[in-house]
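So the structure is just underneath, and the comments pick up after that.
The values are calculated or read from the model by the stated rules, or taken from the named source; none is laboratory data. Small disclaimer: the values here were computed from a predicted structure and weren't measured. For neighbour counting, all protein chains shown are included, and Cβ atoms are generated from backbone atoms with ideal geometry for every residue, glycine included.
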Amino acid sequence: MPVEELDPSHYPATRAAKVAEHFINTRYGSPFAWFGSSGVKKAGLEDMGVLGTKYHIEFTLKEMTRNVKSSVILYDMGLCSAEVLFHRADERKPPQVQCTCSGAFQVNTSAEEEDLYQRLRNATSLLSGNSVGHIDPEMAPFWHLGGVASSFIMLRESNESTLLNMAHIDNFTQMTKDAQLMFQYDILLHDMVSQEILKWKLLLSWSPDGGVKVLEAEWDPKCRSCERAHLTVTTGIAAEQEMKGDNNNV
Amino acid sequence: TALILTSYYILSKHFYLPANYKNVQCTPVCKQRQHAKSNKTRTSFCHACFVTHGILIFCRLIKGHEARNYDYTIYHPLAEISTWMGQMVSENPDVVTLVDYGSTYENRTISLLKIGLKSDVTKKAVWMDCGIHAREWISPAFCQYFVKEILRTYKTDSKVEELLKNLDFYITPVLNVDGYLYTWKDNTTRLWRKTRSPGTDGCDCIGTDLNRNFEANWGMVGVSQNCCSNVYPGFKALSEAEARSVVDFVEPRKNDIVCFFTIHSYGQLILFPYGHPNVTAPNYNELAEISQAAAKAIKAVHGMTYTVGSFAEALYPAAGSSMDWARLIGIPFAFTFELRDEGSFELPENQILPTCEETYAGVHSVITYVHNKIFYSAAITASATLWTTLLATWFSCTFFS
């Protein structure tokens, strides 16, 4: 199928890059490694007919936890190239992503991860935190962990008419001190396109060896200002943005 | 009094005190400034912090807090921003005036600072509004920084002085006053976006998206007619008092206002008209060029990438924005800046200063371009005309004498 060139600064490309970003975090993310796109360099669109729409993108990757004192965050990870396939809207399947990054993932976080892991396993009590909005430096790894775990949900919930980010962590609770540390997170996601706040409850596990895994995820429709009612946002692209209402397990 | 003032002095130097004293919990900012490892020390510190804040509030009431000590690296609640605005006037009376130009649904005053060197003739002007969307806290923070910076530099930087000489700046630090106040209420309200006006026609959610409420292809795209939606455009265009306040001020001055900025977050984008995908601004190319230059200026400060494009192309199609309306009524240069970061409205306070610094560079680059286009190319045109006339005269004199 011919690939139509897209302007890399326009939203179809940047939305596809956001999906690739979520994909990378599900595979490589940790409390000390949280990735984001820092700009799309090249983009193309391939109409896959019944299969859906495939975006071919090249973007630069940044690692976002290296924010030590103040200003500059960027920790350049090189160039990534990804294929993001959005299935047809009526199929409601999550997008399919393939992604390779040149020279990336040289971030060696094993020392920090091991250190945090041991501290949590050997602590006398279980850790918890709330309203982690002003990022307290000591809580930062848990903000990042929440962000990485959120990517599992955001990857699944993405389509061509969404741009999802984790906006806020209401609270998190460490559930166990077992080899697979388990945490419960109450998070708020933000969809840039509809501007809505989506409330999710996650149960996740983490260990340096096992990485981050989301075991359970539940959307909470009760929050009024987080309401995900049956809204029709006239985007000019998709006729309807229909919101799901059921509980989901990952 | 001496004891109070001394302790005030010492405390203001060594502790940051929570701004929102209505919040009984120890605020995260108090926690930030304290590096003790044990919970016990932290709790004691928090109590001390809370108590000393009480003393400080008392002292501020008596003494008045000098804006010289105003901290531009933290987020301020509404009351402090209002006080600060008054202080900007009292400290710079020859260049700053406070203008109350409207009111909100909950009957709060909407004010702007008019900044510029006095002139006998009507001046061209620049409009900047911050805080249309309540949760975008970095936006009001930037307006405050911008004001501080031009006032700090105009006496020593001849370029800034020239800007203030030739232009008036109308800066609204918080436009959606009701919404902004609401986001400070508690941790369930922090992510509010809209105004606080009630729903109509039996729809029982609160608030209208101010940036969909203007008369610019109102309601056509990028909205939801469900009043619970965060992009609800209102039951009609300009249903919101806040939007009407902007229109009532800007419209009569539309021939003088040459540049219109509306500051938002997040996303790191510089957007220009239009939000409606089927409308193209006649000066699209020029707007794109200006925006690219601004993005370059931003990147030079701290290396951050800001994406450039028309609103509809770079972000999403959306009608009824203040920027679109400004362009439609003829203001030639209108921009929406979406500041840091790329994922959250709750930008950490340690990023306020770098964000403001880079945004200032971007905005300054735009203003300089617009200023020079108006005040220099006119001069260039005039002198070119003069030379052409002289040459033609000489030529004709030489050949026909």
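Could you pull out the residue among B:THR189, B:THR172 that is touching a Ser or Thr at 6+ places or on another chain (Cβ under 8 Å) and modelled with pLDDT under 95?
Only one candidate passes the filter, namely B:THR189.
Please tell me if B:LYS124 is charged (D, E, K, R) and either touching a strand residue (DSSP E or B) at 6+ places or on another chain (Cβ under 6 Å) or closer than 18 Å to B:ASN211 by Cα (or both).
So B:LYS124 fits the description; yes.
What's the number of the only condition in (1) in a loop (DSSP other than H, G, I, E, B); (2) more than 16 Å from B:LEU210 (Cα to Cα) that B:ILE290 fails to meet?
Only one criterion in (1) in a loop (DSSP other than H, G, I, E, B); (2) more than 16 Å from B:LEU210 (Cα to Cα) is unmet by B:ILE290, namely (1).
Being basic (Lys, Arg), closer than 21 Å to B:PRO173 by Cβ and modelled with pLDDT of 95 or more, is that true of even one residue in segment B:365-381?
Here is the first cut: in segment B:365-381, the ones basic (Lys, Arg) are B:373.
With the extra rule that they be closer than 21 Å to B:PRO173 by Cβ, the set shrinks to none.
No, that holds for no residue.
Just name the residue that is farthest from the other protein chains (Cβ to nearest Cβ) out of those in segment B:253-273 that are out of contact with any Gly (no Cβ under 9 Å at 6 or more places or on another chain) and over 22 Å from B:ASN176 (Cβ atoms).
B:ASP256
Given the structure, is B:VAL221 touching a residue at least 40 places away in the same chain (Cβ under 8 Å), closer than 19 Å to B:SER265 by Cα and among the β-branched types (Val, Ile, Thr)?
Numbers: touching a residue at least 40 places away in the same chain (Cβ under 8 Å): yes; closer than 19 Å to B:SER265 by Cα: no; among the β-branched types (Val, Ile, Thr): yes.
No, not satisfied.
Has segment A:38-53 got at least one residue that is crowded, with 18+ Cβ neighbours inside 10 Å, at pLDDT below 90 and within 14 Å of another protein chain (Cβ to nearest Cβ)?
The answer is yes; a qualifying residue exists.
Out of (1) assigned to a loop (DSSP other than H, G, I, E, B); (2) surrounded by fewer than 18 Cβ atoms within 10 Å (Cβ to Cβ); (3) in contact with a helix residue (DSSP H, G or I) (Cβ under 8 Å, 6 or more places away or on another chain); (4) basic (Lys, Arg), the odd one out for B:LYS159 is which?
Among (1) assigned to a loop (DSSP other than H, G, I, E, B); (2) surrounded by fewer than 18 Cβ atoms within 10 Å (Cβ to Cβ); (3) in contact with a helix residue (DSSP H, G or I) (Cβ under 8 Å, 6 or more places away or on another chain); (4) basic (Lys, Arg), the lone unmet condition for B:LYS159 is (1).
Taking segment A:22-60, which residues are of a type in the set (Phe, Trp, Tyr) and either part of a strand (DSSP E or B) or under 26 Å from B:ALA314 (Cα atoms) (or both)?
Residues satisfying the conditions are A:PHE23, A:TRP34, A:PHE35, A:TYR55, A:PHE59.
I'm told A:CYS101 meets every condition in (1) under 30 Å from B:GLU357 (Cβ atoms); (2) of a type outside the set (A, V, I, L, M); (3) modelled with pLDDT under 90 except one. Can you identify the failing condition by its number?
Here A:CYS101 clears every test but (1).
Residues are listed down the side, and each one gets a yes or a no for (1) part of a strand (DSSP E or B); (2) of a type in the set (A, V, I, L, M, F, W, C); (3) within 11 Å of chain B (Cβ to nearest Cβ); (4) touching a Cys at 6+ places or on another chain (Cβ under 9 Å):
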{"position": "A:LEU126", "(1), (2), (3), (4)": "no, yes, no, no"}
{"position": "A:GLU138", "(1), (2), (3), (4)": "no, no, yes, no"}
{"position": "A:PHE142", "(1), (2), (3), (4)": "no, yes, no, no"}
{"position": "A:ARG156", "(1), (2), (3), (4)": "no, no, no, no"}
{"position": "A:ASN159", "(1), (2), (3), (4)": "no, no, no, no"}
{"position": "A:THR173", "(1), (2), (3), (4)": "yes, no, no, no"}
{"position": "A:THR176", "(1), (2), (3), (4)": "no, no, no, no"}
{"position": "A:ALA179", "(1), (2), (3), (4)": "no, yes, no, no"}
{"position": "A:TYR185", "(1), (2), (3), (4)": "yes, no, no, no"}
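Of the residues that sit in segment A:58-72 and are in contact with a strand residue (DSSP E or B) (Cβ under 7 Å, 6 or more places away or on another chain) and within 14 Å of chain B (Cβ to nearest Cβ), which one is modelled with the highest pLDDT?
A:PHE59
Which condition number does B:LEU347 fail, the rest of (1) under 28 Å from A:VAL148 (Cα atoms); (2) at pLDDT 95 or above being met?
Failed condition: (2).
Give segment B:336-360 a look and list any residue that's surrounded by fewer than 21 Cβ atoms within 10 Å (Cβ to Cβ) and under 14 Å from the mean Cα position of the chain (by Cα), or say none.
Matches in segment B:336-360: B:GLU357, B:TYR360.
Okay, residues lined up against (1) among the hydroxyl-bearing types (Ser, Thr, Tyr); (2) in contact with a helix residue (DSSP H, G or I) (Cβ under 8 Å, 6 or more places away or on another chain); (3) within 17 Å of A:GLY36 (Cβ to Cβ):
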| site | (1), (2), (3) |
| --- | --- |
| A:PHE152 | no, yes, yes |
| A:SER158 | yes, yes, yes |
| A:THR162 | yes, yes, yes |
| A:PHE183 | no, yes, no |
| A:MET192 | no, no, yes |
| A:GLN195 | no, no, no |
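Which residue is nearest to the other protein chains (Cβ to nearest Cβ), if the candidates are limited to segment B:191-249 and must be among the aromatic types (Phe, Trp, Tyr) and part of a loop (DSSP other than H, G, I, E, B)?
B:TRP192
What pairs can you find where one residue is in segment B:330-346 and within 14 Å of chain A (Cβ to nearest Cβ), the other is surrounded by 24 or more Cβ atoms within 10 Å (Cβ to Cβ) and among the acidic types (Asp, Glu), and their Cβ atoms are less than 7 Å apart, with a gap of 6+ or different chains?
Cβ pairs passing all conditions: B:PHE345/B:GLU136.
So, of the residues in segment A:104-137 that are farther than 27 Å from A:SER81 by Cβ and modelled with pLDDT under 80, which turns out to be surrounded by the fewest Cβ atoms within 10 Å (Cβ to Cβ)?
Ranking the candidates gives A:PRO137 first.
Taking segment B:170-190 as the search range and keeping residues that are assigned to a helix (DSSP H, G or I) and within 12 Å of another protein chain (Cβ to nearest Cβ), which one is surrounded by the most Cβ atoms within 10 Å (Cβ to Cβ)?
Taking the candidates together, the pick is B:GLY179.
Residues being modelled with pLDDT under 95 and either touching a helix residue (DSSP H, G or I) at 6+ places or on another chain (Cβ under 6 Å) or of a type in the set (A, V, I, L, M, F, W, C) (or both): count how many of those fall in segment B:66-86.
Count: 1.
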